[in-house]
1. If we sort 211-218, 149-156, 75-82 on the protection proxy, mean other Cβ atoms within 10 Å, highest first, what's the order?
2. Could you give the length gained by full extension between VAL165 and SER223, i.e. 0.36 nm per residue of separation minus their alpha carbon distance, to one decimal place?
3. Using just the helices of the chain, give the 222 nm mean residue ellipticity in deg cm²/dmol: DSSP H runs with n ≥ 4 each add -39,500 (n - 2.57), and the total is spread over all residues, rounded to 500.
4. If you line up the long axis of helix 2-28 against the longest principal axis of the chain, both from Cα atoms, how many degrees apart are they, to the nearest 10?
5. Residue by residue, what Karplus-based ³J(HN,Hα) values in Hz, rounded to whole numbers, does the range 120-125 have, using 6.51, -1.76 and 1.60 with θ = phi - 60° and x for Gly and Pro?
6. How high is the relative contact order of the chain? Use alpha-carbon pairs under 8 Å, at least six apart in sequence, and give a whole percent.
7. Take every Cα pair under 8 Å in the range 121-181 that's 6+ residues apart, average their separations, divide by the length, and report that relative contact order as a whole percent.
8. Residues with beta-carbon under 13 Å from that of PHE161, excluding PHE161: net charge, scoring Lys, Arg +1 and Asp, Glu -1?
Amino acid sequence: MISSLLHLIYTLFAFLIGAGIYIYNAYKREGSKNKYLRDFSIFFVLLGIYHLFLSSFLFSNNLIVIQWSYNIALMVFFVMIAVILRIPFSILGLKTEKIKKLQKLIISLGLLVILIQIYDSRLPIIDFFIYWNANPFAAWITGLVGFLVGMIWVYTFSKNFSSLVNSSEKIKAVLIIIAAFTLSLSSLFYYTSYCVWFDLFVFILALISSFCVLAIILISLLSRKKKTSDKF
């Protein structure tokens, strides 16, 4: 099952990135942790857990087990989205209380989706790619939430692009915009499409965003190395 294998690959990728960001944050901090790096680290760890549950067919061919793995992945998805939403809203200057309310709204939508999934229980269909056969209403809520959060990231970094002076920061902002846009599209297509082969397009979008994330990390490391060498 190619889609389960791809999900497992993204599981390992996300765990490595999440652990790497955590280690980098611990190395970089001077007295206090960078909250943005902390949220990124938590996001990628949750992303790894999310993909791990979506790769359940590799560990069991029981359709009920696979169905429940998908439902658990959905809940992890909404928690993950709630965590990563803190960064753009903080940059836009929203108050902490308002951000927490929006996070609670997202978690509530996640619980609603799970309840709909349980009420309208449908077994997935196994093909070259897995067709999750989710309730359409629940699928559209999930897809639209993922898409809107991604577009909030696109808006935030597009809005603040002109204020960036450093060329490396501008490049990272462009890469973040591309990653956010491709992830928002992949979320929308993955959950709302009823064509199994759309999964291939989704994984291509996810691959583009992965390359962008790796490029951002590489630029950050090179910039820090340059700053360190300039001191001596």
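1. Numbers: 211-218: 16.1, 149-156: 19.1, 75-82: 21.8.
Output ranking for 211-218, 149-156, 75-82: 75-82, 149-156, 211-218.
2. 19.5 nm
3. Numbers: 8 runs with 182 residues, N = 232.
That calculation yields -27500 deg cm²/dmol at 222 nm.
4. Orientation of helix 2-28: about 30 degrees from the principal axis.
5. Here the 3J(HN,Hα) series is 9, 6, 10, 7, x, 10 Hz.
6. 16
7. Working: 35 pairs, mean separation 16.5, N = 61.
Relative contact order of the range 121-181: 27 percent.
8. Numbers: positive: LYS159, LYS170, LYS172; negative: GLU169.
Here the count lands on +2.
Read-outs throughout are calculated quantities, based only on the coordinates presented, and are distinct from any laboratory measurement. Computed from a predicted model, the values in this text were never measured in an experiment. For neighbour counting, all protein chains shown are included, and Cβ atoms are generated from backbone atoms with ideal geometry for every residue, glycine included.
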